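The values are calculated or read from the model by the stated rules, or taken from the named source; none is laboratory data. Keep in mind that this is a model prediction, so the values were computed, not measured. Cβ atoms come from the backbone with ideal geometry, glycine included; neighbour counts cover every protein chain shown. Please note that ligands, DNA and RNA were not included when accessible areas were found on the heavy atoms of the full protein model with its side chains. Shrake-Rupley method; radii C 1.70, N 1.55, O 1.52, S 1.80 Å.
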Amino acid sequence: MNRLSGKVALITGGNAGIGESIAKLFADEGASVVVTGRRQAELDRVVREITLKGGKAVVVAGSVTDDDHAHAAVQQAVASFGKVDVLVNNAGVGDFGKRLHEMDDAGWAHVLDVNLTGVFRMTRAVIPQMLKQAGGVIVNVSSIASLVGIPLLSAYAASKGALDALTRSLAIDYASDGIRCNVVNPGLIDTPMAAPLMANPDQLGSILSHYPIRRAGKPEEVASMVLYLASEESAWITGGTFRIDGGMTVW
């Protein structure tokens, strides 16, 4: 039996990278998926590839910085599939390569608006539906930047550290309602966001020297961990922080 048979999952940032891999894996495991993101053409491609394999998926294009979009995504999930069992808050941005004094207010605010407040908006929109259903699962995609110091990404690290703390608060506040909330903390993953780094052998080699498993992670590997947390196999887990980082944070 598929691990998400009969479930409905809403996935933000599902047009590429980790989000795309999560959407496809969830569909393979029997879930009906609602995929959101800012790029309509890429979302349409992901959904087309899912449906060609016999899966069920719909698109709701928009940004997590827009509260109307958050509510529209939940409404579309309910209209299309009747409920929302799983929310994966995956959408994220970075403003890398700068020390704090080199950042302007707009760059700082944008990173926090997507990575933190976007999660707040999507979660606030979906929780009333999960309360009505008497249960649900929320999985937040964070980063090892919330756990260890990494140079030149202060806004990103701040947003992800706050996301980890938010996850723990949500886990406590909604456990009695049957809603679980956990966070996944990937290290360097070979995604479009990491493309400039992956294309720079010298810089990449320096970074991978800090990883006991000497390679970047794959989006599919992160998706597998998110699947576990979304499934009934993790029914007694909430408020957890799950590192998937090739051993980087072991040092």
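Brief remarks follow.
- Single match in Ala223, Ala235, Ala194 (criterion: under 13 Å from the mean Cα position of the chain (by Cα), among the hydrophobic types (A, V, I, L, M, F, W, C) and open to solvent by less than 70 Å² (accessible area, probe 1.4 Å)): Ala223
- Within region 197-213, restricting attention to residues that are farther than 16 Å from Leu153 by Cβ and in contact (Cβ under 8 Å) with a residue 24 or more places away in the chain, the residue that is farthest from the chain's Cα centre (by Cα) is Pro212.
- Checking the stated criteria, Ala9 turns out to be closer than 19 Å to Val184 by Cβ, open to solvent by less than 10 Å² (accessible area, probe 1.4 Å) and in contact with a helix residue (DSSP H, G or I) (Cβ under 6 Å, 6 or more places away or on another chain).
- Residues of region 192-204 satisfying the condition of being part of a loop (DSSP other than H, G, I, E, B) and either of a type in the set (A, V, I, L, M, F, W, C) or touching a strand residue (DSSP E or B) at 6+ places or on another chain (Cβ under 8 Å) (or both): Ala199
- Within region 131-151, the set of residues being modelled with pLDDT under 95 and among the aliphatic types (A, V, I, L, M) comprises just one member, Ile150.
- Condition met for Asp202 (at pLDDT 95 or above and of a type in the set (Asp, Glu)): no
- Qualifying residue in region 70-82 (condition: touching a Pro at 6+ places or on another chain (Cβ under 9 Å), more than 18 Å from Met193 (Cβ to Cβ) and of a type outside the set (Asp, Glu)): yes
- In region 205-220, the qualifying residues are those that are open to solvent by less than 30 Å² (accessible area, probe 1.4 Å) and in a helix (DSSP H, G or I), and the one that is modelled with the lowest pLDDT is Leu208.
- When region 12-29 is limited to residues that are hydrophobic (A, V, I, L, M, F, W, C) and crowded, with 21+ Cβ neighbours inside 10 Å, the one that is farthest from Asp85 (Cα to Cα) turns out to be Ile18.
- Of all residues in region 30-57, those that are open to solvent by 30 Å² or more (accessible area, probe 1.4 Å) and within 18 Å of the chain's Cα centre (by Cα) total 3.
- Sub-8 Å Cβ pairs linking a first residue in region 225-251 that is in contact (Cβ under 8 Å) with a residue 24 or more places away in the chain and farther than 14 Å from Gly136 by Cα to a second residue that is open to solvent by 50 Å² or more (accessible area, probe 1.4 Å) and acidic (Asp, Glu), at least 6 apart or interchain, are Ile244/Glu221, ordered by first then second residue.
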